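Take a look at the structure below.
The values are calculated or read from the model by the stated rules, or taken from the named source; none is laboratory data. Here the structure is a predicted model, which means the values were calculated and not measured. Methodologically, a virtual Cβ is constructed for each residue, glycine included, from the backbone with ideal geometry; neighbour enumeration extends over all protein chains shown. Surface areas here come from the heavy atoms of the whole protein model, side chains and all, with no ligands, DNA or RNA. Shrake-Rupley method; radii C 1.70, N 1.55, O 1.52, S 1.80 Å.
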Amino acid sequence: MTKADFPVSEPQDLFDRPLLKSRRRRALQAARPGADFLVKAVADDLEDRLLMINRTFPTAVDLGGHTGLVSQAILMSGKAERILRADLFAADPGQPPPDFIFDDALLPLKDQSVDLIVSALNLQFVNDLPGTLIQIRRALVPDGLFLATLPGAGTLSELRDSLTRAELEITGGAAARVLPFADTRDLGSLLQRAGFALPVTDLDTVTVRYDSMFALLTDLRAMGATSVLKERSRAPLTRKALLRAAELYAENHADPDGRIRATFALVTLSGWAPHESQQKPLRPGSAKTRLADALGAKEQKIRE
């Protein structure tokens, strides 16, 4: 038998790239004041993380670029001598022209060409995240650092719950209206599979409060973060379903003062391009000190 006897299907794109590009461009052109609050909070956190690293990187890349907040965070940290900006899918008209425009098909960076890559709330939109992480690791020089934050599982869980329940109640079926997000453990595994050394993931949950579900949807549109699933329903939610979703949101996810909660589960990833100087785990069985001695405890044998 030959490979033709067992046809292998190509992985399907999860996101509609042209739609994402147009929505991103529209959101960037509108540039509603305050709509970048989440990116700003993440950029500030990434700056703090860079400040804790005791070294300087000759060339850094802001991978995602839009708003310029990450580039500013890298600059303010004082950890990079040169900063390049790479916008995702479309250039930000409110910023100077980017050095690159990238998507998940091909990162515009040569192997071992940069020392630091930082990304904020962009990588959740790429179709091939495992492949993109591999390209990022290859673009880093040995002992180069990758640092990124993206939404994880649990993000907008209240909105997902309310929309699903309302659509089921009104129409008897429900379509995916909120993007799927990977959990912290899966993202850590992807870092390891991509070949990063010393991979670390951590989760920070941010809760934002709104007067209503419609105020939340307004912010998501301003962020260019509404659903761009390729297999999404082409039929928009009816007014009746939206109003019912807003009622369910207020009934199930509101504080005593009546304001609703929106959860953003932010997963920060960090990993280093492998280098011989990095610490490596000890081989199994190579320990020279017994755990009982270290703890000052009496060792007891388990009866067979």
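Here is a yes/no grid of residues against (1) surrounded by 13 or more Cβ atoms within 10 Å (Cβ to Cβ); (2) of a type in the set (Gly, Ala, Ser):
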residue: LEU198; (1), (2): yes, no
residue: LEU203; (1), (2): yes, no
residue: VAL206; (1), (2): yes, no
residue: SER212; (1), (2): yes, yes
residue: ALA215; (1), (2): yes, yes
residue: LEU220; (1), (2): yes, no
residue: THR226; (1), (2): yes, no
residue: GLU231; (1), (2): no, no
residue: THR238; (1), (2): yes, no
Exercise for the section: List every residue pair whose Cβ atoms sit under 6 Å apart, with the two residues 6 or more apart in sequence or on different chains, where the first one lies in segment 27-53 and is at pLDDT 95 or above and the second, anywhere, is of a type in the set (S, T, N, Q) and open to solvent by 30 Å² or more (accessible area, probe 1.4 Å). Expected result: none
Exercise for the section: Could you check, for segment 158-166, whether at least one of its residues is within 18 Å of ALA120 (Cα to Cα) and surrounded by fewer than 21 Cβ atoms within 10 Å (Cβ to Cβ)? Expected result: no
Fill in the blank from the handout: Going through segment 205-245 in order, the residues found to be closer than 25 Å to PRO33 by Cβ and in contact with a strand residue (DSSP E or B) (Cβ under 7 Å, 6 or more places away or on another chain) are VAL206, THR207, VAL208, ARG209, TYR210, SER212, MET213, LEU216, VAL228
Problem - Qualifying residues in segment 125-146 (those that are outside any helix (DSSP H, G or I) and open to solvent by 10 Å² or more (accessible area, probe 1.4 Å)) - the one nearest to GLU47 (Cα to Cα) - result: ASP143
Completion exercise
How many residues of segment 98-123 are closer than 17 Å to LEU69 by Cβ and either in a loop (DSSP other than H, G, I, E, B) or of a type outside the set (Val, Ile, Thr) (or both)? The answer is 8
Fill in the blank from the handout: Restricted to segment 91-109 and to residues being within 18 Å of the chain's Cα centre (by Cα), of a type in the set (A, V, I, L, M, F, W, C) and open to solvent by less than 40 Å² (accessible area, probe 1.4 Å), the residue nearest to LEU38 (Cα to Cα) is PHE102
Completion exercise
Considering segment 268-280, residues that are hydroxyl-bearing (Ser, Thr, Tyr) and surrounded by 15 or more Cβ atoms within 10 Å (Cβ to Cβ), and then whichever is farthest from the chain's Cα centre (by Cα), we arrive at SER270
Fill in the blank from the handout: Among residues of segment 67-83 being touching a Gly at 6+ places or on another chain (Cβ under 9 Å) and either open to solvent by less than 20 Å² (accessible area, probe 1.4 Å) or small (Gly, Ala, Ser) (or both), the residue farthest from ASP45 (Cα to Cα) is GLY68
Problem - Counted residues, segment 167-184 - those being of a type in the set (D, E, K, R), crowded, with 17+ Cβ neighbours inside 10 Å and either in contact with a Pro (Cβ under 6 Å, 6 or more places away or on another chain) or assigned to a loop (DSSP other than H, G, I, E, B) (or both) - result: 1
Handout entry: Enumeration of residues in segment 243-267 that are among the hydrophobic types (A, V, I, L, M, F, W, C) and open to solvent by less than 70 Å² (accessible area, probe 1.4 Å)
Key = ALA245, ALA246, LEU248, ALA250, ALA254, ILE260, ALA262, PHE264, ALA265, LEU266, VAL267
Problem - segment 185-228, residues that are more than 16 Å from GLN135 (Cα to Cα), outside any strand (DSSP E or B) and over 17 Å from the mean Cα position of the chain (by Cα) - result: ASP211, SER212, MET213, PHE214, ALA215, LEU216, LEU217, THR218, ASP219, ARG221, ALA222
Exercise for the section: Answer yes or no as to whether LEU109 is farther than 15 Å from ASP16 by Cα, in contact with a helix residue (DSSP H, G or I) (Cβ under 6 Å, 6 or more places away or on another chain), among the hydrophobic types (A, V, I, L, M, F, W, C) and without any contact (Cβ under 8 Å) to a residue 60 or more places away in the chain. Expected result: yes
